[in-house]
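**Student:** I'd like to ask some things about the structure below.
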Amino acid sequence: MLELKLTFDLRDIDKQPLSEAELDRLIGARDYKEFLNPRNELYRERGMAEKPPSRADAFKLMSKNPNLIRRPLLVHGSKIIIGFDEAAYRALAKARER
């Protein structure tokens, strides 16, 4: 992201976890399951791939277990890029150049 000269605010969600309300505002009408980290131990232990938690339970779990949230999250206006997606970062940088 730095290479693409994207400026951003950084928040370490291990040190400053997102609250349930913040998660609700951030995720909005999007599919909350896309924000769950399938590499997380809790995700695997609970079999969330086959039986995902409800939206409310997911927000509770993510607020208490920040590693359950896929990262990085890059928020630009109403757009959110979830996980490392170089093509999406490049597209954002290109769009910002215009």
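Each value in this text was obtained by applying a stated rule to the coordinates, not by laboratory testing. Predicted model only: the values in this text are computed from it and were never measured. Cβ: placed from backbone, ideal geometry, glycine included. Neighbour counts: every protein chain shown.
**Student:** How far is helix 55-64 tilted, in degrees, relative to the longest principal axis of the Cα atoms in the chain, given as a value from 0 to 90 rounded to the nearest 10?
**Tutor:** That helix lies at roughly 80 degrees to the long axis.
**Student:** Mind pulling the angle between the C-alpha long axis of helix 86-97 and the longest principal axis of the chain? Nearest 10 degrees, somewhere in 0 to 90.
**Tutor:** Around 40 degrees separate the two axes.
**Student:** Using helices alone, I'd like the mean residue ellipticity at 222 nm for the chain: each DSSP H run of four-plus residues gives -39500 (n - 2.57), total over residue count, nearest 500.
**Tutor:** Working: 4 runs with 35 residues, N = 98.
About -10000 deg cm²/dmol.
**Student:** Something else about it: Do any GluC sites (Glu not before Pro) in segment 1-82 lie in a DSSP loop with no more than 15 other beta carbon atoms within 10 Å, and if so, which?
**Tutor:** Numbers: sites: Glu3, Glu20, Glu22, Glu34, Glu41, Glu45, Glu50; in loops: Glu3, Glu50.
When the GluC sites (Glu not before Pro) of segment 1-82 are filtered for loop state and at most 15 Cβ neighbours within 10 Å, Glu3, Glu50 remain.
**Student:** While we're here: Scale the Cα Rg of segment 20-97 by the rule-of-thumb value 2.2 N^0.38 Å and send over the ratio, two decimals.
**Tutor:** Details: Rg = 13.5 Å, N = 78, 2.2 N^0.38 = 11.5 Å.
Against the empirical 2.2 N^0.38 Å value, I get 1.17 for segment 20-97.
**Student:** What is the calculated FRET efficiency for Ala91 to Glu45, with r their C-beta to C-beta distance and R₀ = 25 Å, to the nearest 0.05?
**Tutor:** Values: r = 35 Å, r/R0 = 1.42.
Using R0 = 25 Å, I get an efficiency of 0.10.
**Student:** I want to check the label-to-label distance for Phe8 and Ala21. Put each point 7 Å from Cα in the C-beta direction and report it in nm to one decimal.
**Tutor:** 2.6
**Student:** Sticking with this one: Not counting the cut sites, what is the longest span of the chain without chymotrypsin sites (Phe, Trp or Tyr not before Pro) that DSSP labels loop and that have at most 16 other Cβ atoms within 10 Å?
**Tutor:** The segment 9-83 is the longest one with no such site.
**Student:** Still on this structure, I have one more. Determine the relative contact order of the chain: mean sequence separation of Cα pairs under 8 Å and six or more apart, normalised by residue count, in whole percent. Provide the component values of the computation, followed by the final result.
**Tutor:** On the way: 73 pairs, mean separation 30.2, N = 98.
Averaging sequence separation for qualifying contacts and normalising by length gives 31 percent for the chain.
**Student:** Any idea how far apart Ala29 and Arg55 come out in nm if each label point goes 7 Å out from Cα toward Cβ?
**Tutor:** Calculated label separation equals 1.1 nm.
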